Amino acid sequence: MSYFAHETAIVDEGCTIGNGTKIWHFSHIMPRCVLGENCNIGQNVVISPEVVLGRNVKVQNNVSIYTGVICEDDVFLGPSMVFTNVINPRSAVNRKSEYAKTVVKRGASIGANATIVCGHDIGEFAFIGAGAVVTKHVPAYALVVGNPARQMGWMSEFGHRLEFDAAGIALCIESGEKYQLSNNTVKKLV
């Protein structure tokens, strides 16, 4: 395998790291995690045991990804965003057997300083605004902001807000791709 790790990064034995992945200054990749091809791991990132990152995942500086998190292909994790993995942590109580799973689906983006409370999945191409606190599942293509995070609209796969007409159809202003809103669910039309 061919990946780059800065000399200050720590890569523990027992990791699987895909070709073309870059691991930058002061990051720690722990045992039994899997990083796909062409990921970019920023400075001061911790990836805990058994975390799985798909291909082309971008992890910005100061992010900790804890056991129980799975990020599918093309996920973006903004600077200093936070995952949790236990609902009711206590220093004196060992709850490693209670780690909750969080799945971030393909193409989703999570903004800077956002917090994802464990056990809540993020749908495909969802867009979590900077500083949002996610306390429930986020649907595919949803735009959520605030604390607690509330849905404010829908986003295209290119990251543009979708404006639906009376027939429930919207076009992405960049790609021209067409989307349909029906029963509070968005899908891309082919």
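Given the conditions (1) of a type in the set (G, A, S); (2) in contact with a Phe, Trp or Tyr (Cβ under 7 Å, 6 or more places away or on another chain); (3) farther than 23 Å from P79 by Cβ, which single one is not true for A100?
With (1) of a type in the set (G, A, S); (2) in contact with a Phe, Trp or Tyr (Cβ under 7 Å, 6 or more places away or on another chain); (3) farther than 23 Å from P79 by Cβ applied to A100, the lone miss is (2).
Which of the strands (runs of 3 or more DSSP E) contained wholly in the stretch 86-190 include at least 2 residues that are in contact (Cβ under 8 Å) with a residue 24 or more places away in the chain?
Per the criteria, 102-104, 178-182, 185-189.
Say whether the condition of being of a type in the set (V, I, T), out of contact with any Lys or Arg (no Cβ under 9 Å at 6 or more places or on another chain) and surrounded by fewer than 20 Cβ atoms within 10 Å (Cβ to Cβ) is met by at least one residue in the stretch 59-79.
No, because not a single residue in the stretch 59-79 is of a type in the set (V, I, T), out of contact with any Lys or Arg (no Cβ under 9 Å at 6 or more places or on another chain) and surrounded by fewer than 20 Cβ atoms within 10 Å (Cβ to Cβ).
Filter the stretch 173-187 for residues that are among the basic types (K, R) and farther than 19 Å from M152 by Cα and give the result. First the steps, then the outcome.
Narrowing the stretch 173-187 to residues among the basic types (K, R): 178, 187.
Scanning the stretch 173-187 gives a single hit, K178.
Being in contact with a Cys (Cβ under 8 Å, 6 or more places away or on another chain), of a type in the set (V, I, T) and either surrounded by fewer than 22 Cβ atoms within 10 Å (Cβ to Cβ) or closer than 22 Å to I47 by Cα (or both) is true for just one of V104, V93, V134. Which residue is that?
V104
If you scan the stretch 27-42, which residues turn out to be more than 17 Å from the chain's Cα centre (by Cα), part of a loop (DSSP other than H, G, I, E, B) and surrounded by 15 or more Cβ atoms within 10 Å (Cβ to Cβ)?
Within the stretch 27-42, S27, M30, R32 meet the criteria.
Where a number appears in this text, it was derived from the coordinates with a stated rule and is not lab data. Because the structure is predicted, anything quoted here is derived from the model rather than measured. As a convention, Cβ positions derive from the backbone with ideal geometry for all residues, glycine included, and neighbour counts pool all protein chains shown.
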